[in-house]
1. It is to be established whether one or more residues within region 27-37 are farther than 14 Å from Arg13 by Cα and in contact with an Asp or Glu (Cβ under 9 Å, 6 or more places away or on another chain).
2. So if I check each of Ala63, Ala41, Ala26, Ala16, which one is surrounded by fewer than 14 Cβ atoms within 10 Å (Cβ to Cβ) and small (Gly, Ala, Ser)?
3. Given region 115-207, what helices (runs of 4 or more DSSP H) lie entirely inside it while holding 1 or more residues that are touching a Lys or Arg at 6+ places or on another chain (Cβ under 8 Å) and either buried (at least 24 other Cβ atoms within 10 Å of the Cβ) or on the phi > 0 side of the Ramachandran plot (or both)?
4. So Ala88 fits all but one of (1) touching a Ser or Thr at 6+ places or on another chain (Cβ under 6 Å); (2) assigned to a strand (DSSP E or B); (3) of a type outside the set (D, E, K, R); what number is the exception?
5. So which of Ser217, Ser262 ends up being surrounded by fewer than 15 Cβ atoms within 10 Å (Cβ to Cβ), in contact with a Lys or Arg (Cβ under 9 Å, 6 or more places away or on another chain) and more than 23 Å from Ser55 (Cβ to Cβ)?
6. Scan region 215-236 and give yes if some residue there is under 18 Å from Tyr60 (Cβ atoms), touching a helix residue (DSSP H, G or I) at 6+ places or on another chain (Cβ under 9 Å), in contact (Cβ under 8 Å) with a residue 12 or more places away in the chain and among the hydroxyl-bearing types (Ser, Thr, Tyr), otherwise no.
7. Could you check region 219-289 for helices (runs of 4 or more DSSP H) lying wholly inside it with 3 or more residues that are at pLDDT below 95?
8. Output yes when any residue across region 92-108 is part of a helix (DSSP H, G or I), surrounded by fewer than 19 Cβ atoms within 10 Å (Cβ to Cβ) and not hydroxyl-bearing (Ser, Thr, Tyr), and no when none is.
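The values are calculated or read from the model by the stated rules, or taken from the named source; none is laboratory data. Here the structure is a predicted model, which is why all the values come from computation and not from measurement. No Cβ is skipped: glycine too gets one built from the backbone with ideal geometry, and neighbour counts run over all protein chains shown.
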Amino acid sequence: MTLMQVGLDDKYRFEAKRIYLSGVQALVRLPMLQRERDRLAGLNTAGFISGYRGSPLGMYDHALWRAKSFLQGEDIAFVPGLNEDLAATAVWGSQQVGMFPGAKVDGVFGIWYGKGPGVDRSVDVLKHANSAGTSRHGGVLALAGDDHGCQSSTLAHQSEQVFAAALIPVINPATLQEYLDLGLYGFALSRFSGCWVGFKAIGETVESSASVYSDPSRVEIVLPSDFEMPPGGLNIRWPDPPMEQEKRLFGPKMNAVAALRSDTSQNDDFSFGSLILSSWSALRSTSQT
């Protein structure tokens, strides 16, 4: 019997469809999968990652640095932030590619990361960036490292409430396979709705390891065919007065999130106990009483 040849770098090579990796390594692989999916769809995109380290995402920047050559080969730039706020502002700026002449790519997908308290301190930027929106061929995931048990923090924390306050939908992957599958779904959701999408990472998952499937074509995401886009769409634009952003965020952008969630919940690829629609359902119920 011939043994399959494997190497430590297989986790970042596209010819390897079944790979063994850790949670932080899955978060390195994720943007590479998104870049490959875009290429297969005929899009010329790039990626941008910025954030500030903190457990349970304390080793994420280290994993990104180690995979630098693989990321650069996929036109994905990693620029760690001086703090969470500046990093989030930089990722917000990545969504403005295409708004002005001279763009070299169709869009830039972004990843911001930070520990739960870093989410707290960055609420101002997160609210502004989510209200402004994402680009049509970009999209943003906001990775929140949450420490429910206060194992390496001064306070126990979780980020869903903060994201909900900013009307940022949240995905909560339960396994490393869902880190990849729901991560790709998150980018699609962000592009379709114009929202940033929160990505919850807890130590029990991100610090684990598993064998997963990493085929970029594994997840099929079909956008709702019956959703009526408003004039001008839902993505970032300029000029865009604040009250127009507010109207778009509380109305059609939240409706777009609900529409895509409803359509995709029929897909067996996802365990949709892992997808949270912020507090929009409660907010809408309250507004109707």
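1. no
2. On the way: Ala63 fails: surrounded by fewer than 14 Cβ atoms within 10 Å (Cβ to Cβ); Ala26 fails: surrounded by fewer than 14 Cβ atoms within 10 Å (Cβ to Cβ); Ala16 fails: surrounded by fewer than 14 Cβ atoms within 10 Å (Cβ to Cβ).
Selected residue: Ala41, the only one of Ala63, Ala41, Ala26, Ala16 that is surrounded by fewer than 14 Cβ atoms within 10 Å (Cβ to Cβ) and small (Gly, Ala, Ser).
3. 176-193
4. Condition (2) is where Ala88 drops out.
5. Exactly one residue qualifies, and that residue is Ser217.
6. Looking through region 215-236, none of the residues is under 18 Å from Tyr60 (Cβ atoms), touching a helix residue (DSSP H, G or I) at 6+ places or on another chain (Cβ under 9 Å), in contact (Cβ under 8 Å) with a residue 12 or more places away in the chain and among the hydroxyl-bearing types (Ser, Thr, Tyr).
7. 254-264, 280-287
8. Yes - at least one qualifying residue is present in region 92-108.
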